[in-house]
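Let me begin by presenting the structure, written as structure tokens, before commenting on it.
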Amino acid sequence: ALIKSLKRFKLSRILVEATGGYERKVVEALAESGLPVVVVQPMNVRQFAKAQGIIAKTDKIDAQVIAQFGAMLKPEIRPISNKKIRYIRDLLARKRQLMESRTQELNRKHKAEKAHQATHNRMLKFLDKEIEWVNTRLSKRVAEVTEWEDTYRLLLSVPGIGDGVAHTLLGELPELGTLTNRQVGALTGLAPYNRDSGSMKGRRRIRGGRAPIRTVLYMAMLSAIQCNPTMKEFYNRLVDEGKHKKVALTACMRKMMTILNAMIRDGKEWQQA
């Protein structure tokens with residue numbers, strides 16, 4: 001009924017606030033009907049309202065503010081992924097949830113009395129089985145996306161990059177290979193942002209971007225600085241120059257994403273320098 005009603009109008013944008021996933025079905029239905037739907041972050045809309053001195057919050061006021069936000073700022077309309085890719089992203093999200101639960105259970109087990117170890121072991125065994133099921137599904141579904149075949153092969157040619165990172169990059173960063181160095185750093189949340197004022201030079205910090213990519217890349221880089229000579233040399237050089245180890249690791253992550261972006265763009269496998 002909503003789609004039928006909206007199609008009567010010539011619309012430039014339909015704005016929907018992100019609600020932790022509850023908006024997903026309506027957004028997908030609108031997009032699949034050819035309507036220009038945009039998902040916006042509630043915090044951005046609230047800051048926009050506060051900038052106008054609008055403190056009150058009701059459904060009617062919210063709708064008006066969201067409409068004004070869209071009319072004035074014109075957020076970019078991005079096409080949504082097809083059903084296959086959305087399903088892969090769901091599997092990736094489920095894997096992250098299961099891995100987080102497994103870590104929590106391991107932490108509980110380390111602090112538990114000996115008499116309670118069995119219940120933790122049973123839960124860990126169950127979680128391992130579920131993670132294995134998700135990994136099997138991921139491998140199968142990724143293999144079905146024919147346009148990813150070359151990209152997947154190129155990613156796996158890099159020492160330190162395994163299925164976990166490759167699947168995440170394919171699902172969460174489909175733009176890989178079409179980005180500039182600055183764009184790939186920003187989208188993955190690895191670009192340091194300035195915090196300066198007058199003569200004061202604040203510490204640069206990374207923020208924003210797509211957190212799932214940054215998380216798996218961090219774990220992969222811990223392996224890469226051991227088994228990948230290029231990353232190992234770069235990391236050791238930064239540490240020898242006095243960089244904090246986490247800063248050096250972040251720089252390695254950013255360098256790796258820049259290299260991966262160039263590899264996919266040029267269609268070339270990893271070449272050891």
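A Cβ distance below 6 Å, combined with a sequence gap of six or more or placement on separate chains, defines the contacts here; from region 249-272, residues that are in a helix (DSSP H, G or I) reach residues that are of a type in the set (S, T, N, Q) in the pairs Met257/Thr188; Thr258/Asn181; Ile264/Thr151.
Taking the condition outside any loop (DSSP other than H, G, I, E, B), touching a Phe, Trp or Tyr at 6+ places or on another chain (Cβ under 8 Å), on the phi < 0 side of the Ramachandran plot and open to solvent by 50 Å² or more (accessible area, probe 1.4 Å), does Gln68 pass? Taking the combined requirement at face value, the residue satisfies it.
Scanning region 72-89 finds no residues that are assigned to a helix (DSSP H, G or I), touching a residue at least 24 places away in the same chain (Cβ under 8 Å), under 29 Å from Thr168 (Cα atoms) and in contact with a strand residue (DSSP E or B) (Cβ under 8 Å, 6 or more places away or on another chain). Scanning region 83-110 for residues that are closer than 17 Å to Glu132 by Cβ, loosely packed, with under 15 Cβ neighbours inside 10 Å and among the polar types (S, T, N, Q) returns Gln97, Thr103. Residues that are among the small types (Gly, Ala, Ser) and within 18 Å of Glu269 (Cβ to Cβ) within region 117-165 comprise Ser157, Gly160, Gly162, listed in sequence order. If you go through region 27-46 and keep only what is open to solvent by less than 90 Å² (accessible area, probe 1.4 Å), closer than 19 Å to Gln68 by Cβ and assigned to a loop (DSSP other than H, G, I, E, B), you end up with just Pro36. Across region 18-26, a minimum of one residue is classified as outside any loop (DSSP other than H, G, I, E, B) and under 30 Å from Glu149 (Cβ atoms).
Okay, residues lined up against (1) part of a strand (DSSP E or B); (2) under 24 Å from Asn228 (Cα atoms); (3) in contact with a strand residue (DSSP E or B) (Cβ under 8 Å, 6 or more places away or on another chain); (4) open to solvent by 20 Å² or more (accessible area, probe 1.4 Å):
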| residue | (1), (2), (3), (4) |
| --- | --- |
| Glu147 | no, no, no, yes |
| Leu155 | no, yes, no, no |
| Ile161 | no, yes, no, no |
| Ala166 | no, yes, no, no |
| Glu175 | no, no, no, yes |
| Thr178 | no, no, no, yes |
| Arg182 | no, yes, no, yes |
| Leu190 | no, yes, yes, no |
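If you go through region 71-108 and keep only what is among the small types (Gly, Ala, Ser) and at pLDDT below 95, you end up with Ala71, Ser81, Ala93.
Annotation note: Cβ proximity below 6 Å between a residue of region 134-153 that is under 17 Å from Arg96 (Cβ atoms) and a residue that is open to solvent by less than 90 Å² (accessible area, probe 1.4 Å) (sequence gap 6+ or interchain) occurs for Val134/Leu91; Val134/Lys95; Arg137/Leu91; Leu138/Leu91; Leu138/His167; Arg141/Ile88; Val142/His167.
Does Asn236 count as among the polar types (S, T, N, Q) and open to solvent by less than 30 Å² (accessible area, probe 1.4 Å)? No: the conditions fail for Asn236. When residues in region 119-140 are screened for being open to solvent by less than 50 Å² (accessible area, probe 1.4 Å) and either more than 17 Å from Pro212 (Cα to Cα) or in contact with a Phe, Trp or Tyr (Cβ under 6 Å, 6 or more places away or on another chain) (or both), 3 of them pass. Quick one: in region 47-63, of everything that is of a type outside the set (Gly, Ala, Ser) and surrounded by 13 or more Cβ atoms within 10 Å (Cβ to Cβ), which residue is farthest from His167 (Cα to Cα)? Per the criteria, the residue is Ile54.
Do we find a residue being assigned to a helix (DSSP H, G or I), in contact with a helix residue (DSSP H, G or I) (Cβ under 6 Å, 6 or more places away or on another chain) and aromatic (Phe, Trp, Tyr) anywhere in region 116-136? Taking every residue of region 116-136 in turn, none turns out to be assigned to a helix (DSSP H, G or I), in contact with a helix residue (DSSP H, G or I) (Cβ under 6 Å, 6 or more places away or on another chain) and aromatic (Phe, Trp, Tyr).
The values are calculated or read from the model by the stated rules, or taken from the named source; none is laboratory data. Bear in mind that the values here come from a model prediction, so they are computed numbers and not experimental data. We place every Cβ from the backbone using ideal geometry, glycine too, and count neighbours over all the protein chains shown. Each accessible area value is taken on the protein alone, full model and side chains, heavy atoms only, with ligands, DNA and RNA left out. Shrake-Rupley method; radii C 1.70, N 1.55, O 1.52, S 1.80 Å.
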